[in-house]
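Taking it in order: structure first as structure tokens, then the write-up.
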Amino acid sequence: IYSICSNLAGLPAINVPVSLDSDTKPFGLQIMGPQKSDAFVCQMAYAFEKHEKTQSFVPPIVEAQTC
């Protein structure tokens, strides 16, 4: 959802999962580039995932609380 504004402006953006915070909530890194640099943004995201070894990172599923 945080990349919608940049995409509407014609700027490629991608969110890459990074880790969990102290409350076990996932957080990530947003990578944005100039217009028509979609391939470069994807390459940067891929390079980050390979370097940080986050490609296998899956946040835990939070169970729904019943009222």
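Here are the numbers for the structure shown:
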quantity	calculated
Lone qualifier among 13, 39, 9, 47 - being surrounded by 14 or more Cβ atoms within 10 Å (Cβ to Cβ) and modelled with pLDDT of 85 or more	13
Cβ-Cβ under 7 Å pairs, at least 6 apart or on other chains, the range 22-49 side over 20 Å from residue 8 (Cβ atoms), far side open to solvent by 100 Å² or more (accessible area, probe 1.4 Å) and part of a loop (DSSP other than H, G, I, E, B)	49/55
Residues of the range 50-62 classified as modelled with pLDDT of 85 or more and within 15 Å of residue 20 (Cβ to Cβ), total	0
Checklist (1) aliphatic (A, V, I, L, M); (2) surrounded by fewer than 13 Cβ atoms within 10 Å (Cβ to Cβ); (3) modelled with pLDDT of 80 or more applied to residue 32, failing item	(2)
Residues satisfying the stated conditions in the range 1-54, i.e. outside any strand (DSSP E or B) and touching a Gly at 6+ places or on another chain (Cβ under 6 Å)	12, 35, 40, 41
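The values are calculated or read from the model by the stated rules, or taken from the named source; none is laboratory data. In this text, all values refer to a predicted model and were calculated from it rather than measured experimentally. Positions of Cβ are backbone-derived with ideal geometry, glycine not excepted, and every protein chain shown enters the neighbour counts. These area figures cover heavy atoms from the full protein model, side chains too; ligands, DNA and RNA do not enter into them. Shrake-Rupley method; radii C 1.70, N 1.55, O 1.52, S 1.80 Å.
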